[in-house]
Protein chains: 2
Amino acid sequence: MKARVHVSLKTGVLDPQGKAIGLTLANLGFTGLGEVRQGKLIELELTEDDAEAARKSVEEMCEKLLANTVIENYAIEFEDD
Amino acid sequence: MKARVHVSLKTGVLDPQGKAIGLTLANLGFTGLGEVRQGKLIELELTEDDAEAARKSVEEMCEKLLANTVIENYAIEFEDD
């Protein structure tokens, strides 16, 4: 089983990296752009087959390591092989 | 309209950051983990309403700035507000 974790900054948290991307896109001539935000995407391969146990385990990984829950949100998606 | 761009390293490209995450998770006691890979998630707000035009524009952004297509793949997803 494959899990994908999306980690993004919470609304209201400054995102200078996203801002830099937005400014560079504007400098390249792209128009019609609103806010740009950059987050992380973490792909995990799991040997666990039980969906419920896998979700619990990945949630614990997010809380302990993958996301800083003070300033970041995370979302977990599963993909069956 | 909101676009989400997932940028991930191509298969076969070394990912030391993903490896570090995998090792740390193992050190924290998580078992049953295979490969871990880290990518980027870029969220863009677009004023463009036409889905076809928006896709073309975001693809051009990926080719020009958001992804290094020599070593990275990208996937684009749209979300209507």
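The values are calculated or read from the model by the stated rules, or taken from the named source; none is laboratory data. From a predicted model like this one, the values you see are computed outputs, not experimental measurements. In this analysis, Cβ positions are derived from the backbone assuming ideal geometry, glycine residues included, and neighbour counts consider all displayed protein chains. Heads up: the accessible areas ignore ligands, DNA and RNA and are worked out on the full protein's heavy atoms, side chains in. Shrake-Rupley method; radii C 1.70, N 1.55, O 1.52, S 1.80 Å.
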Take the conditions of a type in the set (D, E, K, R), farther than 30 Å from B:A54 by Cα and touching a Gly at 6+ places or on another chain (Cβ under 7 Å) and apply them to A:E59. Does it pass? no
Quick one: how many residues across the range A:7-21 are within 9 Å of chain B (Cβ to nearest Cβ) and surrounded by fewer than 19 Cβ atoms within 10 Å (Cβ to Cβ)? 0
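Taking the conditions exactly as written (modelled with pLDDT of 95 or more and more than 7 Å from chain A (Cβ to nearest Cβ)), does B:I71 satisfy them or not? I'd like the intermediate steps shown before the answer.
Details: modelled with pLDDT of 95 or more: yes; more than 7 Å from chain A (Cβ to nearest Cβ): yes.
It is true that B:I71 is modelled with pLDDT of 95 or more and more than 7 Å from chain A (Cβ to nearest Cβ).
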I'd like to check something: does the range A:8-15 contain any residue that is in contact with a strand residue (DSSP E or B) (Cβ under 9 Å, 6 or more places away or on another chain), within 23 Å of B:E60 (Cβ to Cβ) and among the acidic types (D, E)? yes
Subset of the range A:42-60 (residues that are surrounded by 17 or more Cβ atoms within 10 Å (Cβ to Cβ), at the interface with chain B (Cβ under 8 Å from one of its Cβ atoms) and touching a residue at least 40 places away in the same chain (Cβ under 8 Å)): A:E43, A:L44, A:L46, A:E48
Please name all residue pairs, on different chains or six or more residues apart, with Cβ atoms under 9 Å, provided the first residue is in the range B:22-41 and is at the interface with chain A (Cβ under 7 Å from one of its Cβ atoms) and open to solvent by 70 Å² or more (accessible area, probe 1.4 Å) and the second residue is part of a strand (DSSP E or B) and not polar (S, T, N, Q). B:E35/A:E43; B:E35/A:L44; B:E35/A:E45
